[in-house]
Amino acid sequence: SNEELPSTDIITLTRHVLAQQFQLGAIATGDLTLLLNAIQTTSKFIATNVRKARLINLVGLAGQSNVQGEEQKKLDVLSNDIMVNSLRASGKTAVLVSEELEEAVIIEDKYKGKYCVVFDPLDGSSNIDAGVNIGTIFGIYQIAPGSKGTVSDVLRPGSEMVAAGYTMYGSSCNLVLSTGNGVNGYTLDAALGEFILTHPDIKIPPRGKIYSFNEGNSAYFHQPVHNYLNSIKYPASGKSPYSARYIGSMVADVHRTLLYGGIFGYPDDKKSKSGKLRLLYEAFPMAYLTEQAGGVATTGRGRILDIQPTSIHQRCPVFLGSRDDVNDLIKTYEEFD
Ligand code: AHM
Ligand code: MG
């Protein structure tokens, strides 16, 4: 018969990362695997809370504002606490930066390890109450040799990250990860409580057919962005215009872009002079994943991963996705300048 036997050799995220670490031989200590284990656990915990949210009254406001002056949702606060507690207890971290915390957390000696984690515990919070996809974004640095772990260990270009990823809480829970050697996607098997390798070696198609911008901001957009959007909406005769897809959850919009191709953009504009997205824990991890999947990530005028951060919550314009699409956008900027 054609019936497939159930696999008896499943590849879990932990097994997969360990296998990659083994390949690195002597350098690998297993510390990164243990840190990623802590992150997986937080994602599972946040995923259950997201699913339960409507039942146990976690939707709605927590009654506090975060650093950016935005209202915090209860789930944001909860997810932040889950991550800080778990990352500290892992014994593998030295510095934590969260979107929800004004100051970096310096881990006390008792728990100190050699990694720094920058994260947005629950991104896309405007989508929570409607049950639309949201996610956790994270990037990992190693502390500089000799450093005890200070803010300067995370004020470094994204190209120096040793790993980056996100977890998307959607119709399935997906963790997408790069440790600097390509991008892999894992899906949570809720019965097993394990992330299973389901999307090995993700590569962004070199060109896509989808653009993903908040065009409600058009009145504020600068000219190169108008020129680029016009070029894909009113293409030379014979070519088809691009389709628009915009969820307003970066994790979901980037996830689709990695799988289907196209371009995601959150430009700087006349109102927001550095755009909206945060460099350290939104732009850097997503740019890292994009490049590792064969795509391009730019501010329009330079590579995102090359930016030297000066403060932990700074913002940055973001365009990322298929190589040819993003290169077209870069050309539009060059022609304009
Ligand atoms: P948040 O961190 O407050 O959730 O904001 C970040 C989100 C991103 O997920 C998304 O790409 C963007 O904000 C959407 O912004 P807008 O609603 O302005 O289009
Ligand atoms: Mg965010």
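The values are calculated or read from the model by the stated rules, or taken from the named source; none is laboratory data. None of these values were measured; they are calculated from a predicted model. Cβ coordinates were reconstructed from backbone atoms using ideal geometry, including for glycine residues, and neighbour counts include every protein chain displayed.
The table below lists the values:
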| read-out | value |
| --- | --- |
| From Ala94, Ala19, Ala62, Ala28, residue being in contact with a Phe, Trp or Tyr (Cβ under 7 Å, 6 or more places away or on another chain) and modelled with pLDDT under 95 | Ala28 |
| Residues of the range 230-281 satisfying the condition of being polar (S, T, N, Q) and within 12 Å of ligand 2 (Cβ to nearest atom) | Ser249 |
| Matching entry among Arg207, Arg245 (being in contact with a Lys or Arg (Cβ under 7 Å, 6 or more places away or on another chain) and within 30 Å of Thr179 (Cα to Cα)) | Arg245 |
| Thr33 vs. criteria at pLDDT 90 or above and farther than 23 Å from Leu155 by Cβ | yes |
| Qualifying position, being within 16 Å of ligand 1 (Cβ to nearest atom), part of a helix (DSSP H, G or I) and farther than 16 Å from Asn85 by Cβ, among Ser152, Ser126, Ser159 | Ser126 |
| Inter-residue pairs, beta-carbon under 8 Å, first closer than 11 Å to Asn133 by Cα and modelled with pLDDT of 95 or more and in the range 235-260, second of a type in the set (A, V, I, L, M) and away from ligand 2 (no atom under 16 Å from the Cβ), 6+ apart | His255/Val176 |
| Subset of the range 84-113 that is among the charged types (D, E, K, R) and not in a helix (DSSP H, G or I) - its residue that is surrounded by the fewest Cβ atoms within 10 Å (Cβ to Cβ) | Glu108 |
| Checklist (1) surrounded by 24 or more Cβ atoms within 10 Å (Cβ to Cβ); (2) over 21 Å from the mean Cα position of the chain (by Cα) applied to Asn230, failing item | (1) |
| Residues within the range 133-149 that are of a type in the set (S, T, N, Q) and part of a strand (DSSP E or B), tallied | 2 |
| Residue match in the range 322-335 (condition: surrounded by fewer than 23 Cβ atoms within 10 Å (Cβ to Cβ) and touching a Leu at 6+ places or on another chain (Cβ under 8 Å)) | no |
| Selection count where residues are assigned to a helix (DSSP H, G or I), within 14 Å of the chain's Cα centre (by Cα) and not aliphatic (A, V, I, L, M), scope the range 252-267 | 4 |
| When residues of the range 282-308 are limited to those that are surrounded by fewer than 19 Cβ atoms within 10 Å (Cβ to Cβ) and either in a loop (DSSP other than H, G, I, E, B) or within 16 Å of ligand 2 (Cβ to nearest atom) (or both), the one farthest from the chain's Cα centre (by Cα) | Arg301 |
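Yes/no matrix, rows are residues, columns are (1) aromatic (Phe, Trp, Tyr); (2) in contact with a Gly (Cβ under 7 Å, 6 or more places away or on another chain); (3) over 19 Å from Asp31 (Cβ atoms):
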site: Gly135; (1), (2), (3): no, yes, yes
site: Lys148; (1), (2), (3): no, no, no
site: Gly170; (1), (2), (3): no, no, yes
site: Leu177; (1), (2), (3): no, yes, no
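Okay, residues lined up against (1) in contact with a strand residue (DSSP E or B) (Cβ under 6 Å, 6 or more places away or on another chain); (2) hydroxyl-bearing (Ser, Thr, Tyr); (3) touching a residue at least 40 places away in the same chain (Cβ under 8 Å):
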| site | (1), (2), (3) |
| --- | --- |
| Glu99 | yes, no, yes |
| Ala104 | yes, no, yes |
| Gly131 | no, no, yes |
| Thr136 | yes, yes, yes |
